[in-house]
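Undergrad: Sharing a structure, written as C-alpha cells. Questions coming.
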Amino acid sequence: MLPVVRRGLLGGTFDPPHLAHLVAGEVAYRDLALDVVTFIPAGYPWQKADGRVTSPEDRWQMTSLAVEGVSYFEADDREVRRGGWTFTFDTLAEYPEEEELILILGSDAAKGITTWHRWEEVLDRADLAVAPRPGSSREDVEQAVPRPFTWLDMPTLDVSGTMLRDRAGSGLSIRFMVRENVWQYIGRQGLYG
C-alpha cells in the first residue's frame, strides 16, 4: 500500500506570484509536514470577472518560474487549461481521494470562503491552513469560517499583486518582491508597465 500524500494547495490569481505566496508555501510545508506544495494559478477566476487580470498563460509562466528550483514546490496548470470560470471545488475533485489536501489561503481570502461555489464541500474535502495578511486578523477568520483551521506562524508580509501591479505601472521597481526570474519575465513581456 502506497503512503498517503499530504498535499498543500496554494491557488490564486498569481498576478504576479510574489514572496508572500512563497513564504506561505514554505511555512505550510514545514509546519504541516506536507509532501508537496502545489501552486495553482486560476485560469478565469470568477471573483475577478471584471477582466482586469493578466492572461492565464503569463500567470502560468510566472508561477512556474516562481517555484523553480524548490524540490517540494510544483506548479500545476489544470485551472489554466480548464475552460470557463475557475472554481476550487472542481479542482479539488480532480485529485485522488486518498490524498490529504490542505488548502492554503491568505486570511483575506479565508474570510470570504463562505461566498465560494460549493464552499461546504470544499471544506469537506480539504483542511484549511490560513496565512496572516494585512487587514485580516485571526479573529476575523474565526468569525467568518465555520470550521476548524490551522493558523500559519509566519510574519505578515505587506505585499500584494495589486500593490506590485500599481508600482510597476508607475515605473517603480518590484525587484526582490518577486523572485528574480519572475521579475525578469515581467520585464521581457512588458507586463504591468
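Undergrad: For the range 119-178, give me each residue that is of a type outside the set (A, V, I, L, M) and assigned to a strand (DSSP E or B). Break it down stepwise before answering.
TA: Initial filter on the range 119-178 (of a type outside the set (A, V, I, L, M)): 119-121, 124-125, 127, 132-140, 142-143, 146-151, 153, 155-156, 158, 160-162, 165-167, 169-171, 173, 175-176.
Within the range 119-178, D127, R133, S136, T150, W151, R175 qualify.
Undergrad: Quick check: is even one residue across the range 54-62 part of a loop (DSSP other than H, G, I, E, B) and touching a helix residue (DSSP H, G or I) at 6+ places or on another chain (Cβ under 7 Å)? Show your work before the answer.
TA: First pass over the range 54-62, keeping only residues part of a loop (DSSP other than H, G, I, E, B): 54-55.
Then keep just the ones that are touching a helix residue (DSSP H, G or I) at 6+ places or on another chain (Cβ under 7 Å); that gives none.
Within the range 54-62, not a single residue is part of a loop (DSSP other than H, G, I, E, B) and touching a helix residue (DSSP H, G or I) at 6+ places or on another chain (Cβ under 7 Å).
Undergrad: If you don't mind, another one. Hey, can you tell me all the residues within the range 5-31 that are out of contact with any His (no Cβ under 9 Å at 6 or more places or on another chain), part of a loop (DSSP other than H, G, I, E, B) and more than 15 Å from D127 (Cα to Cα)?
TA: T13, D15, P16, P17, H18
Undergrad: Kindly indicate whether any position in the range 120-128 is surrounded by fewer than 16 Cβ atoms within 10 Å (Cβ to Cβ), at pLDDT below 95 and either within 21 Å of D31 (Cβ to Cβ) or of a type outside the set (S, T, Y) (or both).
TA: no
Undergrad: Enumerate the pairs (first residue in the range 66-92 and touching a residue at least 40 places away in the same chain (Cβ under 8 Å) and closer than 17 Å to D15 by Cβ; second residue anywhere and among the aromatic types (F, W, Y) and in a helix (DSSP H, G or I)) with beta-carbon separation below 7 Å, excluding pairs fewer than 6 apart on the same chain, so at least 6 apart or on different chains.
TA: If the second residue must be among the aromatic types (F, W, Y) and in a helix (DSSP H, G or I), the pairs left are W85/W46; T86/W46.
The values are calculated or read from the model by the stated rules, or taken from the named source; none is laboratory data. Keep in mind that what you see is a predicted model, and the values were worked out from it rather than measured. Neighbour counts run over all protein chains shown; Cβ positions are idealised from the backbone, glycine included.
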